[in-house]
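Below: one structure, written as structure tokens.
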Amino acid sequence: MNQLEIDFQPGLTEQFPRWMDCVRDSVYGCGKALKVVASDIDMTSTELSRKIADNPNDNVNFPLEKLPELMEATGKLTPVYWLIERYLEDSEKKSKRARAALVEALPRILKMLEATQ
């Protein structure tokens, strides 16, 4: 039986005010050890940790050209979705996308309701 999952979390730009917050979360929230992710993108865990840290006293930054490798290593596309939400989706598009998702989910919801009776 498939279970419908409804997510009431705020959008990515609300959850992560800055893009690097989203990148950092994709690394630490992917379920893999930091050293595994770092190894997948040819870095040490210390180097990766330093590059995604929010340390104003350290001018080391995450190299943008490594982003595709990072997303492959973590399996998380949220950094790209964050950029899309921030720069391409206005509130009307968000609303339209949400309505389309509801329309798509409605038959499954009705089917599940019937199954519970």
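Scanning the range 1-35 for residues that are among the aliphatic types (A, V, I, L, M) and either touching a residue at least 24 places away in the same chain (Cβ under 8 Å) or within 30 Å of Asp90 (Cα to Cα) (or both) yields Met1, Leu4, Ile6, Leu12, Met20, Val23, Val27.
Report yes if Met43 is modelled with pLDDT of 95 or more and of a type outside the set (Val, Ile, Thr), otherwise no. When the stated conditions are applied, Met43 passes them. Of the residues in the range 50-107, how many are within 13 Å of the chain's Cα centre (by Cα), among the charged types (D, E, K, R), surrounded by 15 or more Cβ atoms within 10 Å (Cβ to Cβ) and at pLDDT 90 or above? Selection size over the range 50-107: 1.
The number of residues in the range 48-89 being touching a helix residue (DSSP H, G or I) at 6+ places or on another chain (Cβ under 6 Å) and acidic (Asp, Glu) comes to 1. Annotation note: Cβ proximity below 6 Å between a residue of the range 84-110 that is closer than 16 Å to Gly11 by Cα and a residue that is part of a helix (DSSP H, G or I) and at pLDDT 80 or above (sequence gap 6+ or interchain) occurs for Glu85/Leu12; Glu85/Thr13; Arg86/Thr13.
The values are calculated or read from the model by the stated rules, or taken from the named source; none is laboratory data. The model shown is predicted, which means the values in this text are computed figures rather than measured ones. Don't worry about glycine lacking a Cβ; one is built from the backbone with ideal geometry, like all the others, and counts go over all protein chains shown.
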